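The structure appears below as structure tokens.
The values are calculated or read from the model by the stated rules, or taken from the named source; none is laboratory data. These figures come from a predicted structure and were not determined experimentally. Neighbour counts run over all protein chains shown; Cβ positions are idealised from the backbone, glycine included. Just so you know, the surface numbers come from the protein's heavy atoms only, side chains and all, with ligands and any DNA or RNA stripped out. Shrake-Rupley method; radii C 1.70, N 1.55, O 1.52, S 1.80 Å.
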Amino acid sequence: MKDTGEGSKVRETSDISDKVSFSGRTAVLLTLTGLGLGVAVEVLFYGHPPGISFFLWTALCVTAVLALSRVIPARISPSVWPSVVAGLFFSLVVFFRQEPLTVFLAVMLTFFFLAMTVRVFRFGNLERFGWIDLVVTFFWVPIEAWIRPWPVAGMAWGRTVREQGGSRVFFSVLRGLLLALPIVVVFLALLSAADLIFGDYVARALAWLNLEQLLDWSLRALVIVVSGLFLLGALTAALRDPGRRRLIGEDPPIVRPFLGFTETTLVLALVAVVFLLFVIVQFAYLFGGAANIHAAGYTYAEYARRGFGELVTVAVLALSMVYALAAVTHLTTRGRRTIFFFLCTGIVVFVGVMLVSAFQRLVLYEQAYGFSRLRTYTHVAIGWLAVAFVVFLVLLGLRRLRAMALAALAIATGFTATLALLNVDAFIVDWNAARYQQNGDLDVDYLVSLTDDAVPGLVALVRSVHGEQEEDLLAALSCRRRALVGREARLRWPSAQASRSAALAALATIDTELAEYVVFRKPPGPTDPPWAEYRVKTPDGVENCPAWGVW
């Protein structure tokens, strides 16, 4: 790789220890870009809950590395584009959803795909990554981001400051003052808090300064510097010449086969027999109707609503077992591989029946108690777990089990994307509303505890409920509107969030119904919970507003 400014070459062969060699001009450009991204972190996140800011920050990071690759220049590996697209997609989920698990998984996958972008930006070979390569990507890239910036930042400093000739002393003093200022401010604040007299002296001596404002500025500057250095390291790690990089466990594999074919066959056969016996019971009782279950002394509901968690656990353990056995067993002949594949296929088929059994149990449980987040997660997870078994069999037949690592990443990505597109909290409200139409059973307290994702559905539900349930729902929605209006007034544009805006728009459509439910503030009494400060006047009296985290 050649630098367009001075034509200096960059050559690296080690992934850890050797130095990154950029020209002075390139180092300055990288450092300024990292500093700009650090400023973006301060503007977008300092004092602001995440919203559209998370997507903007991700887009800025991706744009920065792509633009720098054109200036330096650096060849971009085609492997990077799936990571870029996935990272941008999941960062946008934070803008559209509030449901906790969906947001958590989306944030973690965004960080992972950004790390993957750094790892494969020039190196490529994403399609050959194994389990350890994925783990190294997630953990090593952040460490590398703290190792890489220092030589580049030092070169940039030397180019812009040390080479100023007679101004060298002035810049040294300025640098020392800039480094000392935030440290001195922190120590003065702590010592002033520790001793009242010393604090008075400091307050009088610095009466012309706003120490709180100065401390805030110092913290903002620290955020810019720390995040700027980290992002400079990430940019450097992505753009540096990776040299020759070997994937871990590809050649030779980390774990070589050591288990005999006889032992493995015996394990698989015995497990298959146990699974077969269980499947026979399922067809005789769970799938055979209520009569057989009643004959065994159980009601259908008692029988079906138990064992769901255990069955899902069995499915996960079974997949882990056959995968591990495939990796450590000597399968040296075609006949042995055929027998092994046949036994694994049998186990997968039996596990498939178990998943159907688990799904049926879950449906019956939901019919009795309604939908919840955990049950919705599990609904989605069962489908993706079935996909995992099918993919495993295909890769086993093709003798490409190393690709199971990327398949697992794709399945995790699909699971999270399904939750995001499904809108879990809205889904729960819709299905519980449909269940209410059938049997009149509705857990209003649980539904109003969901995030703003659920509010449009709750507003639609207002026109279907009656009596005490209608009053409870309208009281909770009136409290929610008061909380959202106050939160919207406090937050700035980096925290803009589509789910919150949709909730406010939906609540505006029932202004007439909410007019009777007036929310007011009253200091909580000694026996009241901390969130009892907000109360709502209803036609039947006064109630405490729910304890959301949105006040």
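Among 131-140, 346-355, 394-403, sorting by the average number of other beta carbon atoms lying within 10 angstrom of each residue, highest first, gives 346-355, 131-140, 394-403. All other residues whose Cβ lies under 11 angstrom from that of residue 497 are scored, Lys and Arg at +1 and Asp and Glu at -1, for a net of 0. When 369, 534 are compared by accessible surface with a 1.4 Å probe, the order from highest to lowest is 369, 534.
Can you check what the net charge comes to around residue 264, using other residues whose Cβ is under 12 Å from the Cβ of residue 264 (Lys, Arg +1; Asp, Glu -1)?
+1
Estimated from the Cβ-Cβ distance and a Förster radius of 45 angstrom, the FRET efficiency linking residue 512 and residue 327 is about 0.10. The simple Förster model, with R0 at 45 Å and r as the Cβ-Cβ distance, assigns residue 269 and residue 147 a FRET efficiency of 0.35.
On the basis of the beta-carbon distance and an R0 of 45 Å, residue 310 and residue 501 show a calculated FRET efficiency of 0.60.
In order along the stretch 266-277, the phi-based Karplus estimate (6.51 cos²θ - 1.76 cosθ + 1.60, θ = phi - 60°) of 3J(HN,Hα) comes to 5, 4, 5, 5, 5, 5, 4, 5, 4, 5, 4, 4 Hz; Gly and Pro are listed as x. For the stretch 90-158, the relative contact order is 26 percent, taking Cα pairs closer than 8 Å that sit 6 or more residues apart in sequence and dividing their mean separation by the residue count. On the stretch 55-195, 77 percent of the accessible area sits on carbon and sulfur atoms, based on a 1.4 Å probe. A protection proxy built from the mean count of other Cβ atoms within 10 Å ranks the segments 489-500, 512-523, most packed first, as 489-500, 512-523.
A crude spin-label estimate for the pair residue 431 and residue 70, with each label 7 Å from Cα along the Cβ direction, gives 4.6 nm.
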